[in-house]
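Q: First the structure, then my questions, so here it is.
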Ligand code: B12
């Protein structure tokens with residue numbers, strides 16, 4: 001990450017409230033409940049843009065536009081209203097006093113819009129399911145509210161000899177991602193998504209007991225989702241699979257601030273630190289946490305792996321946040337740790 005990109009991104013973050021006000025004025029949205037919602041949404045657009053600027057990755061914003069346009073469709077908002085929003089973002093960025101930030105933000109925004117318009121959407125709007133077989137059966141059980149049946153299904157797979165890595169990566173992970181697509185397309189509501197995800201966490205806890213001390217290999221892992229990040233099912237899978245391989249794991253879960261990561265490394269002295277981000281708006285927090293860790297442990301630094309959906313946005317993001325390596329999934333993480 002170049003220092004001027006960082007500076008430009010920080011300048012957008014510092015001006016967030018002013019940018020939002022300017023965009024609201026452009027859109028002619030008057031005070032009231034509608035304005036409060038619009039403020040929140042516009043703030044989000046600038047948050048994603050700031051990340052794209054910080055890491056010099058247009059893809060972060062073009063993928064966000066793909067996601068946003070899918071959401072607009074679900075909410076029955078017209079494509080013209082998205083165009084108006086984009087024009088309002090451009091106009092409000094013109095009010096940025098820092099010239100370098102203004103130029104970088106406008107350049108990223110312009111290219112991202114072009115890329116988004118020329119690409120096919122990542123989000124298949126058709127009714128066809130993106131999962132099949134046992135993964136679909138698992139998802140169906142959860143969508144029917146049948147947590148016990150879903151657990152029995154997974155325990156059955158374990159008994160038949162399908163290992164936990166396969167169950168996690170080939171059954172549960174695709175089902176969880178499909179759940180997100182169904183939510184985005186408005187086929188299920190937030191409560192259904194919450195129920196299915198909390199049931200998945202319950203089932204994972206039942207499937208992966210802690211390793212008996214006799215089988216420990218004397219290696220330690222700290223795993224966490226970076227500050228602000230609520231998605232922790234993926235990093236939990238990573239931690240569980242290390243546990244299964246005899247590592248002693250210290251799983252911090254979601255929303256872990258950099259200071260607490262530093263503190264636990266001090267006490268636990270792990271060989272490996274795994275950090276996760278799902279939303280691209282948390283990439284800068286991963287970078288910040290890594291900076292804090294590198295500063296606190298100049299000599300006995302643990303190896304730092306990163307992963308999560310946000311890192312799938314662009315192939316070089318892991319380097320830009322200062323990590324030692326990136327893993328696409330929990331299995332890859334294990335391979336990297338033994339490399
Ligand atoms: C469950 C879920 C939630 C739950 C999370 C519960 C929990 N405890 O995790 C809750 C309800 C909290 C939630 C909230 C939100 N969510 Co959500 N969520 C999901 C969902 C449906 C599934 C996530 C999941 O479980 N994936 C399965 C795991 C196994 O996959 P994974 O995380 O990618 O992990 C694997 C790899 O990435 C890798 N990995 C992960 N970490 C690491 C780390 C290392 C070191 C390594 C090597 C590898 C690695 O290994 C893992 C296992 O193989 C996704 C859909 C999706 N496509 O992912 C949406 C999704 C991520 N959410 C989304 C959104 C928008 C939100 C909210 C903003 C919604 C809102 N309006 O409030 C909030 C944001 C909260 C926040 N501040 O973080 C969007 C993001 C879109 C975008 N533009 O980025 C998605 C894609 C849904 C969608 N289709 O629109 N969400």
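What follows draws every value from the coordinates through simple rules; no lab data is involved. This structure is a prediction, so every number in the text was calculated from the model and none was measured. Backbone-built Cβ (ideal geometry, glycine too); neighbour counts: all protein chains shown.
Q: Taking the chain as a Gaussian network, Cα atoms linked when under 10 Å apart, which of 176, 119, 292 shows the biggest mean-square fluctuation?
A: 119
Q: Mean separation of Cα pairs under 8 Å and 6+ residues apart, divided by the residue count of the chain: what relative contact order is that in percent?
A: Numbers: 479 pairs, mean separation 48.4, N = 339.
Contact order relative to length: 14 percent.
Q: Would you mind ranking 46, 311 so that the residue whose beta carbon has the fewest other beta carbons within 10 Å leads the list? Don't jump to the answer; show the numbers that get you there.
A: Details: 46 21, 311 24.
Lowest to highest Cβ neighbour count: 46, 311.
Q: Treating the range 213-338 as a set of equal point scatterers at the Cα positions, no solvent, please give the Debye-formula log₁₀ I(q)/I(0) at q = 0.15, 0.20, 0.21 Å⁻¹.
A: -0.58, -1.08, -1.20
Q: Based on the Kirkwood radius over alpha-carbon pairs, what value in µm²/s does the Stokes-Einstein equation return for the translational diffusion coefficient of the range 127-255 at 25 °C and 0.890 mPa s?
A: Details: Rh = 15.4 Å.
D = 159 µm²/s.
Q: Relative to the longest principal axis of the C-alpha atoms of the chain, give the angle of the C-alpha long axis of helix 79-93, reported between 0 and 90° and rounded to the nearest 10°.
A: Value to nearest ten degrees: 80.
Q: With springs connecting C-alpha atoms under 10 Å apart, model the chain as a Gaussian network and identify which of 232, 66, 324 has the largest mean-square fluctuation.
A: 324
Q: What translational diffusion coefficient, to the nearest whole µm²/s, does the chain have by Stokes-Einstein, given a Kirkwood radius computed over alpha-carbon pairs, a temperature of 4 °C and 1.567 mPa s viscosity? Intermediate results must be reported in sequence, preceding the final value.
A: Values: Rh = 21.6 Å.
In µm²/s, the coefficient is 60.
Q: If you don't mind, there's one more thing I want to ask. Using 0.36 nm times the number of residues separating residue 301 and residue 98, minus their current alpha carbon distance, what extension gain do you get? Let's see the in-between values first.
A: Working: separation 203, 0.36 × 203 = 73.08 nm, distance 3.66 nm.
Full-extension gain reported as 69.4 nm.
Q: Follow-up. Tell me, in nm to one decimal, what length is gained between residue 205 and residue 294 on full extension, where the rule is 0.36 nm per residue of separation less the Cα-Cα distance? Walk me through the numbers before you get to the answer.
A: On the way: separation 89, 0.36 × 89 = 32.04 nm, distance 3.20 nm.
Full-extension gain reported as 28.8 nm.
Q: Further question: For labels at residue 312 and residue 81 in the simple 7 Å Cα→Cβ model, what's the distance in nm?
A: Going from the residue 312 label point to the residue 81 one covers 2.9 nm.
Q: Mind ordering 6-17, 80-91 by average Cβ neighbours within 10 Å, highest first?
A: Numbers: 6-17: 18.2, 80-91: 15.5.
Highest-to-lowest ranking by the protection proxy: 6-17, 80-91.
Q: Turning to a different aspect of this structure: Label-point separation (nm) for residue 267 and residue 148, each offset 7 Å from Cα along Cα-to-Cβ?
A: The modelled label-to-label distance comes out at 3.9 nm.
Q: Given a Förster radius of 25 Å and the C-beta distance between residue 159 and residue 67 as r, what FRET efficiency does 1/(1 + (r/R0)^6) yield to the nearest 0.05?
A: Working: r = 39 Å, r/R0 = 1.56.
Computed FRET efficiency for residue 159 and residue 67: 0.05.
Q: If each DSSP helix of 4+ residues adds -39,500 (n - 2.57) and the sum is divided by the residues in the chain, what number results at 222 nm, nearest 500 deg cm²/dmol? Provide the component values of the computation, followed by the final result.
A: Numbers: 15 runs with 203 residues, N = 339.
Only helices count here, giving -19000 deg cm²/dmol.
Q: Then there is this: Of 225, 50, 191, which is the most mobile in a GNM of the chain whose springs link Cα atoms less than 10 angstrom apart?
A: 191
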